[in-house]
Amino acid sequence: MKSTAGRLVVRALEDEGARLLFGIPSRPVLGLHEALEGSKVRAVQVADERSAVFMADGACRGSDCAGVASLGPGGAAHALSGVAEARADNIPLVVLCCGFRDDSGKSFRTGELDQLAVLAPAAKEAFRPKGPEDVYAAVRRAFHIARAAPQGPVAVEIPETLFSVSLCETENPLWSVPFLESPVASDAELDDAAAILNAARRPRLYIGGGCREAAPLVLELAEALGAPVVTTLQGKGVFPEDHPLWLWNCLGRSAPSFVRKVMDSGDCLLALGCRFSESATGGYDVALPKDLIHVDADPEALARNFPARLAVACEAGTFLQRLLRRVKRRLGDVAVKEDIAAGRAELRARFASEKGSRVHPAVFFSSLQDAAGPDAAFATEGGDTLFLAAEHLRLRSPRLLAPAGFGAAGYAVPAAVGARLAFPERGAVALTTEGALLSTGAELLTAARSKAGVAACVLKDEGPASFDVQAFARAVDAEFFHLDEDGHAREVLGAAMGQAAQGRPVLVEVALDSSRKTFFSKAAAATRLCSLPLAERLRLAARTLSKRPGS
């Protein structure tokens, strides 16, 4: 029985449960796209290959299947930032690279590039099949490596010639599950962790994105210990943010004072599924208790930035299942819950008292969340857009899609499109900026073609407009709305999400009040300033003071 590499790839995708493949059906990969016709896998044509990886990323967050992107020859150079983002955020992706033709015997081919060498530093693994008979097995292997803890992107390069040339194929292609050894906590390590937690008078939890699939167990442990919970940016929503024990999405100066007070009073910290990265710690500006238990599926992340009394290499869900049988249930500290409630109320009152001529972030995000519904996904850009979303959204499940680890620009719109296509029953919102919209906003055309109702909110500060957002909306076949004051927020955002629910892409231009910096951005600026020599700090201070309005 004869087949092509395209058919073998599609069969492997179907056998792995993949539902979507993002890419551009250029001539070299036509064999793959022809094989997709009539299959269970839907091909989604994107406007730009870097967006293919961002869409696959957005589609697989919250899913039990790895995302899949297809790249033409040389596409690795375009998609590198997306692969690096997935690696930094531990997102399981399979990136199918089309290799250059290798049957001409000539050199200096157009666009010739060693794609595996380009992707190897960013991918968890990058390889090519040993031969035609290994195509099916190579794709299946890539899925298993991508999903194995710690999760990450895997690149497979398949030469162009194999997509159209008939290959020998048996009735059932040979494939065996690769042996992937995941670290597992020993009984002694679990006993030690339980002993430290049981002896602690004021335990605290720090929860990262590695706990996304273990959210119910995190909730059970927090309630068993009566322990307040801080999450990382990637872990936002893993612990329900309306729970009386939830604190914030960052440690240190990037959190409000009441959060720092509660965390600083703890005598033990269990850090689970996290790495103590720069963004999650406000530039590593945190003071941690000596009784730090650090648990992560990646052994290289353990105690890398902060010393731990106990460091355990283990996947979060497995660790929690076994730990819960060992910890002693206790009554929660009523005073701590009261402090948390009072801190939240004070923060709400502060936001409510801040009045300006533009849309306040607290009003915008609360109105947006009400309009989008409880199951909506929110995709952000890096930097201030992410910090605003983390500060103001209140999530009950991990629905924040954010480039927190690598900070890849142009992530929000394609990630939101991918999330909407993967989960049509849920709303999807992109929180973007003018610059990022110019980078990948053309993917709203992909949304229009695919009838994926995505609402892209362009958060504009007080600076001069760089282009006409309404004209851009017309160009990408999107509905347009403008929001410029608090009183119209619910009406405008409700109408925008209503259009998106009908399968229409929407652009909302938001005149956002950026006069008050987020806790995250203020802490990051202070940390950077403190790291500079005194003379440089004085120079920057003088420069800031010299900038008068209108100067």
Set the Förster distance to 25 Å, then compute FRET efficiency between E34 and R449 from the Cβ-Cβ distance, nearest 0.05.
0.85
Please list, ordered by chain and number, the residues whose modelled amide H lies under 5 Å from the amide H of A430; skip anything fewer than 5 residues away on the same chain.
A379, A455, A456, C457
Please state the relative contact order of the chain as a whole percent: Cα pairs under 8 Å, 6+ residues apart?
14
What whole-number volume per residue, in cubic angstrom, does the convex hull of the C-alpha atoms of the range 245-349 give?
110
Relative contact order %, the range 294-359, counting alpha carbon pairs below 8 Å whose residues are six or more apart:
23
Mean separation of Cα contacts under 8 Å (at least 6 apart) over the residue count of the range 187-340, i.e. the relative contact order in percent, is 29
All aspartates and glutamates inside 14 Å of K517 as judged from Cα atoms, apart from same-chain residues fewer than 8 positions distant:
E354, D384, E391, D461, E462
Listed with the fewest Cβ neighbours within 10 Å leading, Y136, Y411 appear as Y136, Y411
Quick check for me: using +1 on Lys/Arg Cβ and -1 on Asp/Glu Cβ, what's the dipole size of the chain about its Cα centre, in debye to the nearest 20?
1100
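Only counting other Cβ atoms within 10 Å, I'd like S176, S26, S70, S81 sorted with the fewest neighbours first. Could you put the intermediate results ahead of the total?
Numbers: S176 8, S26 15, S70 28, S81 19.
Taking fewest neighbouring Cβ atoms as first place, the list is S176, S26, S81, S70.
Looking at the range 2-168 only, what percent of DSSP beta bridges run antiparallel? Nearest 5 please.
Working: 2 of 23 bridges.
Rounded to the nearest five, the antiparallel share is 10 percent.
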Given a Förster distance of 22 angstrom, what is the FRET efficiency for S257 paired with R201, based on the Cβ-Cβ distance and rounded to 0.05?
0.50
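In debye, nearest 20: dipole of the range 2-168 around its Cα centre with unit charges on the Cβ of K, R (+) and D, E (-)?
Details: 19 positive and 20 negative charges, 40 e Å.
Around 200 debye, computed over the range 2-168.
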Positive-end residue, the chain charge dipole about Cα centroid, Cβ charges, pick of L113, V10, A456
A456
Simple SL model, points at 7 angstrom along Cα→Cβ for R329 and R396; separation in nm is 2.3
Before rounding to the nearest 500, sum -39500 (n - 2.57) across all DSSP H runs of length at least 4 in the chain and divide by the residue total; then give [θ] at 222 nm in deg cm²/dmol.
-12000 deg cm²/dmol
Relative exposure of T446, T518, judged by other C-beta atoms within 10 Å (fewest first)
T518, T446
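Among DSSP beta bridges lying fully in the chain, give the percent that are antiparallel, nearest 5.
Details: 2 of 64 bridges.
Antiparallel bridges make up about 5 percent of those DSSP assigns within the chain.
Pull out a ≥ b ≥ c, the square roots of the eigenvalues of the alpha-carbon gyration tensor of the range 376-520, then state rounded if a/c is under 1.5, prolate if not and a/b is larger than b/c, and oblate in the remaining case.
Rounded is the answer for the range 376-520, as its axis ratio a/c remains below 1.5.
Read-outs: derived from the displayed coordinates by stated rules, not from any lab. Computed from a prediction, not measured in an experiment: that's the story for all the values here. Backbone-built Cβ (ideal geometry, glycine too); neighbour counts: all protein chains shown.
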